[in-house]
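What follows is a single structure, written as structure tokens, with notes after it.
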Amino acid sequence: MKLDPSLSNLDAVFPADFTEEQKAKAKTLFLKTLSLMAHRFYGGKMQTVPRCGIYGLNWFNVWYTPGVSKVSTTIRDDNDESFALSARGNLVAVVSDSTRVLGDGDCTPPGGLGVMEGKAMIMKYLGGVDATALCVDSRGKDGKNDPEKLIEFVKMVQHSFGAINLEDISQPNCFRVLDELREACDIPVWHDDAQGTACVTLAGLLNALKLAGKTLGDARIVLLGAGASNTTIARLIIADGGDPARMILFDSRGGLHAGRDDIRKDPRHYRKWELCEKTNPGRVTTEEEALRGADVLIALSTPGPDTVRREWVRSMAPRSIVFACANPVPEIWPYAAKEEGAFIVATGRGDFPNQVNNSICFPGILKGALLVRARKITDGMAIRCAHSIAEFSERRGITPDDIIAKMDETEVFAKEAADVAEQAVKEGVARTPLSWQEVYDRAKADIAASRRLADDMMATGHIKRPPQEMLDEALAAAIAAMR
């Protein structure tokens, strides 16, 4: 069978004699190989094009000197005019020091460009938001990454952007960078690895619990991994009604609890210590014990596929829920978790059922914050976004293999934007209070325009279709590697 250029038949093109594990591994190899080839073919994912028209020679005098002088002095007299008179009002900086890129760790500052450009592409296509990738060298003279350098950088560039999306910053620096910048900057500073992952995970969890006949407040929840993602997930779950006494988090040294003096004595880990004080009152130390009878496992830990053991899943409560969201390989293959009795399994990947991925969240929440010119994105706005996603998904129908909206469901992003903007107005962090309907209509129109632009560029050849030979070569390499 020939691989379709849309990749829609990807699951069907692997040899019939491949086991489920071989298919999963081959698929991962194919996607990585094709990604490298396609990035080289296109020279990256983003480019800059004008927003305005050039209708004749004198329009250069309007867009640049002498006409633009009036724009400069107007903004000088009222800096908030920059949101209306420049691209700033719809522009996000995707900022990273590339110290924790996906599951690959420190990739050096330029090593994060592929991911940051990817965020920018998704923001534009799904949320109608312009974005640019800024990968920063935050290393000091001693060669160690200095969070102060990253903080200072963002403070300096904030005046050119409507929001900042922090990404792939290693812990514990990520906590300090986010917390300080949220207060120091007059625009939203959003850490997508932390707040974005927490938002979409909460959305998926709410619907999974409904299908399983369980509630957030009664569920026993185990979180494997205590980095930026899971600590923020735990914090939002608690804020939304989860019982911290029924939650246990694990880092590389064991369970988090009030007896973890190694965390208490290190001021850099203040976010983890807050959870040590609230969760795991029984001071459980092993994953095996914690998962026995647990309702939910949320893993954002070391990429698998054997980080989460089959016997752990087997010991969980009936109708258990497993979120194995490490990238690029989940902590346990979905088919393996299902074989051990899991009722609902989710991953961070779009090639398996139930993708719980930030991409369903950050385009909408950032669009809503930008449209009302919010000064920050609060936890309340993130929780509202999670419920917006969950409610949208439930209305269009959910099943154990379809708990959350997908990236091609355009409507969800406009609804998120409107709900988040409404929450920003309610909390008093919006510069420009707009009604729910005004935000929804503008977001929907901008998203439609972004998609039309991409479609038009593909149709006219300004974006060239990747050659079939490239797809075939990547597929053949993946299959051969598994033989």
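The values are calculated or read from the model by the stated rules, or taken from the named source; none is laboratory data. Note that the structure is a prediction, hence the values are computed from the model and not measured. Here the Cβ is made from the backbone with ideal geometry for all residues, glycine too, and neighbour counts use every protein chain on show.
Details
- Test: residue 408 is surrounded by fewer than 20 Cβ atoms within 10 Å (Cβ to Cβ), over 22 Å from residue 319 (Cβ atoms) and not hydrophobic (A, V, I, L, M, F, W, C): yes
- One residue from 366, 371, 471 being more than 26 Å from the chain's Cα centre (by Cα), among the hydrophobic types (A, V, I, L, M, F, W, C) and surrounded by 15 or more Cβ atoms within 10 Å (Cβ to Cβ): 471
- Hits in the range 432-479 (condition: small (Gly, Ala, Ser) and part of a helix (DSSP H, G or I)): 443, 445, 448, 449, 450, 454, 459, 474, 476, 477, 478
- Residue ID - nearest to residue 362 (Cα to Cα), chosen from residues in the range 420-438 that are buried (at least 24 other Cβ atoms within 10 Å of the Cβ) and not β-branched (Val, Ile, Thr): 421
Listed here are the residues, each with its yes/no results for (1) within 30 Å of residue 190 (Cβ to Cβ); (2) of a type in the set (A, V, I, L, M, F, W, C); (3) touching a Cys at 6+ places or on another chain (Cβ under 7 Å).
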| site | (1), (2), (3) |
| --- | --- |
| 9 | no, no, no |
| 23 | no, no, no |
| 38 | yes, yes, no |
| 45 | yes, no, no |
| 64 | no, no, no |
| 72 | yes, no, no |
| 78 | yes, no, no |
| 87 | yes, yes, no |
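- Check on residue 74, of a type outside the set (A, V, I, L, M), in contact with a helix residue (DSSP H, G or I) (Cβ under 6 Å, 6 or more places away or on another chain) and within 30 Å of residue 471 (Cβ to Cβ): no
Every residue, every condition in (1) surrounded by 21 or more Cβ atoms within 10 Å (Cβ to Cβ); (2) free of Cβ contacts under 8 Å to residues at least 60 places away in the same chain; (3) of a type outside the set (Ser, Thr, Tyr); (4) farther than 14 Å from residue 272 by Cα, yes or no:
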site	(1), (2), (3), (4)
219	yes, no, yes, yes
222	yes, no, yes, yes
234	yes, yes, yes, no
239	no, no, yes, yes
244	no, yes, yes, no
251	yes, yes, yes, no
257	no, yes, yes, no
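- Sole residue being touching a helix residue (DSSP H, G or I) at 6+ places or on another chain (Cβ under 6 Å), in a loop (DSSP other than H, G, I, E, B) and of a type outside the set (A, V, I, L, M), chosen from 392, 352, 413: 352
- The residue pairs whose first member lies in the range 38-56 and is touching a residue at least 24 places away in the same chain (Cβ under 8 Å), whose second member is in a helix (DSSP H, G or I) and small (Gly, Ala, Ser), and whose beta carbons are closer than 6 Å, counting only pairs six or more residues apart or on different chains, are 46/120.
Conditions tested, residue by residue: (1) in a helix (DSSP H, G or I); (2) among the charged types (D, E, K, R).
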{"position": "121", "(1), (2)": "yes, no"}
{"position": "124", "(1), (2)": "yes, yes"}
{"position": "142", "(1), (2)": "no, yes"}
{"position": "156", "(1), (2)": "yes, no"}
{"position": "169", "(1), (2)": "no, no"}
{"position": "174", "(1), (2)": "yes, no"}
{"position": "182", "(1), (2)": "yes, yes"}
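- Breaking point among (1) assigned to a loop (DSSP other than H, G, I, E, B); (2) over 23 Å from residue 357 (Cα atoms); (3) touching a strand residue (DSSP E or B) at 6+ places or on another chain (Cβ under 8 Å), for residue 281: (3)
- Here residue 195 meets each of (1) surrounded by fewer than 22 Cβ atoms within 10 Å (Cβ to Cβ); (2) under 23 Å from residue 83 (Cβ atoms); (3) at pLDDT below 95; (4) in contact with a helix residue (DSSP H, G or I) (Cβ under 9 Å, 6 or more places away or on another chain) with one exception, condition (1).
- Scope the range 262-289; condition of a type in the set (D, E, K, R), under 24 Å from the mean Cα position of the chain (by Cα) and closer than 14 Å to residue 250 by Cβ; matching residues: 272
- Some residue of the range 330-347 being assigned to a strand (DSSP E or B) and within 26 Å of residue 450 (Cβ to Cβ): no
- Matching residues in the range 121-150 - criterion: being among the aliphatic types (A, V, I, L, M), in contact with a helix residue (DSSP H, G or I) (Cβ under 6 Å, 6 or more places away or on another chain) and either under 22 Å from residue 410 (Cα atoms) or surrounded by fewer than 20 Cβ atoms within 10 Å (Cβ to Cβ) (or both): 122, 123, 126, 129, 131, 136
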